[in-house]
Amino acid sequence: MNSSATAPRHRSFIGRWQSHFWTIAVWLVAGAVAFPIVIVFSYVLAPRGEIWAHLAETVLTRYVANSLILVTGVGVGVLLIGVPTAWLVTLCRFRGRHWFDWALLLPMAMPAYVVAYTYTGLLDYAGPVQSAMRVFFDAPGGLRWLPEIRSLPGAILMLVLVLYPYVYLLARAAFLEQSACVLEVSRTLGCSPWRGFWRVALPLARPALVAGVALALMEALNDFGTVQYFGVETLATGIYRVWRGMGDAVAGAQIAALLLVLVFILLWIERWSRGHRSFAHSSTRYRPLPRYQLRGWRAVCAVMCCALPVLLGFFVPAAVLLSWAIANLDMWSADRFVVLVRNSFMMAGFAALLAVMLASILAYALRLRPSMPTRLAVRIASFGYAIPGPVLAVGILLPFAAIDHALNDWLQAAFGLSPGLILSGTLVAVTFAYLVRFLTVSLNVVEASLGKITYSMDHAARSLGRTSLGTLGSVHLPIMRGSLLTAAIVVFVDVLKELPATLVLRPFNFDTLATMTYNLASDERLAEAAGPALAIVLVGIVPVYLMARASAFARPGQQPAETMTGAPLDGMKITAE
């Protein structure tokens, strides 16, 4: 009698404990993501020192102006490339359209700083292009009328070439999801293909375009390697210069807060744009979209419009890197290259594993308890992707350093021990930065996959005695294994390419492929930097391939692409919260 009465009470206790566990876990993750932001903004109230006054009088205005010009130029550029190419491959017929459909995503595999290094080697004074032009024009003294690649316009061009796929991918998905009936009605009302695009298709795709541009602009604000190498003074480079060069952590944090304000403004504009005006179509008939056959000079223009971004954003830099790497084959076999690959893959693999685990907890907690507090916590946890790497580094290093000093002082006073750095300047800080920054990437994929699982499977598992944690482990995770692998791959590659946070937070004498590429390029050893850079690009092609397969089935009524494990890839569609 006692045992039969104890069992229900025991199960009830486990149920209550697990219910609290999911809520606590979600808010712990949300607090960890918000922690660097709170730290950065707390330094806004700190007293302004002499260095801050000097910055305000000399370069701070230039930092802000260059950052605003950079994001404006990048925003215009990604729209001018992403929208027309998406329209052409979606609603036009011309030779090579199917190849361009996925090839236009290839520049996503190229980090912007790698593209900047390759074009500098090509177009600089000592590069092959200018050398050939001096011979052709018989101008041994130089061609002064040529624009300088290491400039603000040059940085904008480099970023546009690698960031336009954000707009292309979302615009293409938006065009594919539009109803054929709407486009046909516009034609019957006398709209030409151009007017139909401008007055019908473009307004319907506006939310997707705004989200794509917002993602591109946040990446532009986060960029450090390109603008630093080109000598462009932005808020991102200002943080690094003040922190490392002048040794003023407070001034660095205050510049980081200014950069974070720009990010918040971008997010607010994106929300305002979507919230105050909406465009939708009411038809549920999704017939094949009408495609306009292009012939003659129109087909040639379409091919050139689609080929130039792929050529300039991927194939030209890849060819240059390959030629440099072949000329420096000893770099590939050197012991230090093996160490770089080991360090990079170890950090990326560990961060990807932890990110997928945390994303699974967040997504499942939201499934179990879709209350307002849980939704708020998940939204806070997904905000990390918007935090620029330099800001994240400042927000992590300052409190971690304070904790290290406090622990060392206490251990020295109590036990005579001095363990040195425990958090700051260690792989703990680097891993924490990766998780805060890229948790959103895995969360989007896992949440989309979990949403496809019917709730009846949860009810069946619970009726058979499974707890919520047991249901997640034995039912949901095996079903989502393909999407979990996809999320891990995407996070793995993002971590592999990450530069600013790694550069600031890494331990001494610890280099990754990204940091070694930056260091060699900063020393003008571009040919030696080709090995690590090409390794990053080769690994970066994998998620691009996955996204290309997933986006090929964005049209309603089509079957989603599947991974090697048989799970859908619909979660690969980029979303912006």
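What's the whole-number percent of alpha carbon pairs in region 47-135 lying beyond 22 angstrom?
Values: 2378 of 3916 pairs.
The share of Cα pairs beyond 22 Å in region 47-135 comes to 61 percent.
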Rounded to whole Å², per residue accessible area for region 83-168 with a 1.4 Å probe reads 42
Projecting each Cα onto the charge dipole of region 326-455 (Lys/Arg +1, Asp/Glu -1 at the beta carbon, about the Cα centre), which of Thr431, Phe383, Gly349 comes out farthest on the positive side? Phe383
Between Cys92 and residues 5 or more places away or on another chain, which pairs have amide H atoms under 5 Å apart, with H built 1.01 Å from N, and which residues are they? Tyr292
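At a 10 angstrom cut-off on C-beta neighbours, averaged per residue, how do the peptides 448-460, 98-110, 221-233 rank from highest to lowest? Numbers along the way, then the final one.
Values: 448-460: 14.4, 98-110: 20.8, 221-233: 23.4.
Final packing ranking: 221-233, 98-110, 448-460.
The values are calculated or read from the model by the stated rules, or taken from the named source; none is laboratory data. Quantities reported herein were computed from a predicted structural model and do not represent experimental measurements. As a convention, Cβ positions derive from the backbone with ideal geometry for all residues, glycine included, and neighbour counts pool all protein chains shown. We work out accessible area using only protein heavy atoms, side chains counted, and drop any ligands, DNA or RNA first. Shrake-Rupley method; radii C 1.70, N 1.55, O 1.52, S 1.80 Å.
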